[in-house]
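The numbers here are math on the coordinates, done by the rules we state, and not lab data. Everything quoted here is computed from the prediction, not taken from an experiment. Positions of Cβ are generated from backbone atoms using ideal geometry, with glycine treated the same way; all protein chains shown enter the neighbour counts.
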Amino acid sequence: MDKKEKNFLSAVIYVHNAEAQIEKFLRMVKEVLEENFEHSEIICVNDDSRDRSVSVIRNVSAEAVTSSISILNMSYFHGLEMAMNAGVDLAIGDFVLEFDLPVSDFDRAEIMNVYYRALRGFDIVSASPERKEKLSSTFFYKVFDRFSEMTGKMSTERFRILSRRVINRISSMNKTVPYRKVVYAACGLKTDHIKYHAAGNMENHYDRKEKNYRFGLAVDTLILFTEMGYWFSLSMTLFMMLMSVIMIAYSVTVYIASHPVAGWTTTVLFLSVAFFGLFGILTIVIKYLQLLVDLVFKRKHYSFESIEKLTK
């Protein structure tokens, strides 16, 4: 390619026991970057891989001509989100490609498609396959969209590109947020989404450690960033308060209409009133906990999409 892009592009690839996929994937990314960019880098985030992934990366790196390839070895298993944050923090490119999995079910041209789309004024451009999502993913995103305050709908993404402006902005936001896509959605900058035709049926092979991590991440995300947990707890509390009121009415009715065992009415009334008060206190506690979650994890920062200068 005679005319190459002047922008410096970084690619961050998450690697965890990906010996079977990383060679083909890394070589494809390297070739695309070297063919289209004057300056580029690839950062492979090795998240405590116990197979030959690192050796494979070293072998492919020997083929690099203009692109530099680095391995960021995490001290122990951190999981996708923290590991990718570490890789993005290390990246120095004007644009950063994030590959959450070394899975190449897309045509190599899709990498440049998201880049050119970003050049049209979008700070975040994601790409996902045109295929039916897994049942677990469908359930997660439906619940998230239903109970969250996010304006855009979320879906499974294969990779995305971020502008340097996005990275600079999110670095000043809450770094304790465990789910990057929430931070990206809340940053307030222009986003776009591209669908591509998936080449073949690429299955994601996770080991037990990664499966447990992803399940825990999904649960934490629904609790922290949606109102699902709050409304479920509040509904159960109100239901139990209603049951306490019914028990009070029932015990009074039994006392008036029949002759219960001595002490039965007093005991039931006491327990009913006590449970009513307990669940009332729980309602207040739940609300306070929701406020704490909002203050710690969902703190609102002012954000703007663009600045239009009307006068010189």
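All C-alpha to C-alpha distances of region 78-134, sorted into 10 Å bins beginning at zero, yield P(r) values of 17, 46, 34, 3 percent in whole numbers. Computed from label points 7 Å out along Cα-Cβ, the spacing between residue 70 and residue 86 is 1.3 nm. Note on region 71-134: dipole from Cβ charges, positive end direction compared against 80, 115, 92; the farthest Cα belongs to 115. Scanning residues 5 or more positions from residue 192 or on other chains, those with amide H under 5 Å from its amide H are 124, 125, 126, with H placed 1.01 Å from N in the peptide plane. Length available on full extension from residue 113 to residue 145: 0.36 nm per residue minus the Cα-Cα distance, which gives 8.8 nm. The alpha carbon convex hull volume per residue for region 101-151 rounds to 119 Å³.
Considered as an equivalent ellipsoid built on the Cα gyration tensor, region 250-291 has semi-axes of 33, 8, 4 Å, the largest given first.
Averaging over all projection directions, the Cα-based convex hull of region 9-225 occupies 11.3 nm² in the image plane. Shown here is the pair-distance distribution of region 228-297: with all Cα-Cα distances grouped in 5 Å bins from zero up to the longest one, the shares run 3, 17, 21, 17, 12, 10, 8, 6, 4, 2, 1, 0 percent.
Our summary gives the chain a relative contact order of 16 percent, counting only alpha carbon pairs under 8 angstrom and 6 or more residues apart.
Modelled spin-label separation between residue 289 and residue 209, with each label point placed 7 Å from Cα along the Cα-to-Cβ direction: 3.1 nm. As a proxy for reagent exposure, 78, 16, 259, 197 were ordered by neighbouring Cβ count within 10 angstrom, fewest first; the result is 259, 197, 78, 16. Cβ crowding within 10 Å, taken as a proxy for footprinting-reagent exposure, orders 225, 139 from fewest neighbours to most as 139, 225.
Going from the residue with the fewest nearby Cβ atoms within 10 Å to the one with the most, 171, 40 rank 171, 40.
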